[in-house]
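Just below is one structure, and these are the notes that go with it.
The values are calculated or read from the model by the stated rules, or taken from the named source; none is laboratory data. Note that this is a predicted model, so its numbers are computed, not measured. Note that each Cβ is placed from the backbone with ideal geometry, even for glycine, and that neighbours are counted across all protein chains shown.
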Amino acid sequence: MKNRLEDAALVRQVLDRYVEGSGGDVDLLRSIFHPEALMNGYFGGHLGIGSPEPFFAEVAKMDPSKPTSEYHAEIESIEVMGDVASARLVETGFLGSDLVDFFHLIRVEGEWKIISKTYYQAP
């Protein structure tokens, strides 16, 4: 049980870094995504399937020195089983939208990385 709690805390740190990086720090985001990660979901009613590169490109347009006060993110759940984990994050005010994100993470060489993100833009 101790390892699961410690691993959940490490996964939480990755998600905290995701939230921090979403304010304009693409290098930080790249550091927490696995190079083969996928990002899929609905935004503006359109289905996006593929790599996180389009997301990184949008974040790169943001000014990290000017955090937006409308943005808020909350981790709703984290589940760890061995070297894999899943988590749910709710974001409000991200690029003017509210989103629910479902993450899958995998431990590679002792380090937790996001391997997939599935998102849904709330109506």
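Before moving on, here are some points about what is shown:
- When every residue of region 60-73 is checked against the conditions, at least one turns out to be at pLDDT 95 or above and not β-branched (Val, Ile, Thr).
- Residues in region 82-123 that are under 17 Å from residue 17 (Cβ atoms), among the acidic types (Asp, Glu) and over 11 Å from the mean Cα position of the chain (by Cα): 111 only.
- Among the residues of region 72-93, the ones that are closer than 25 Å to residue 46 by Cα and in contact with a His (Cβ under 9 Å, 6 or more places away or on another chain) come to 6 in all.
- Candidates 31, 69 - the one that is among the polar types (S, T, N, Q), more than 17 Å from residue 121 (Cβ to Cβ) and over 12 Å from the mean Cα position of the chain (by Cα): 69
- Residues located in region 94-111, provided they are under 20 Å from residue 62 (Cβ atoms) and touching a strand residue (DSSP E or B) at 6+ places or on another chain (Cβ under 6 Å): 97, 98, 99, 101
- Candidates are the residues of region 21-39 that are in contact with a Pro (Cβ under 9 Å, 6 or more places away or on another chain) and of a type in the set (D, E, K, R); the one that is farthest from residue 73 (Cα to Cα) is 30.
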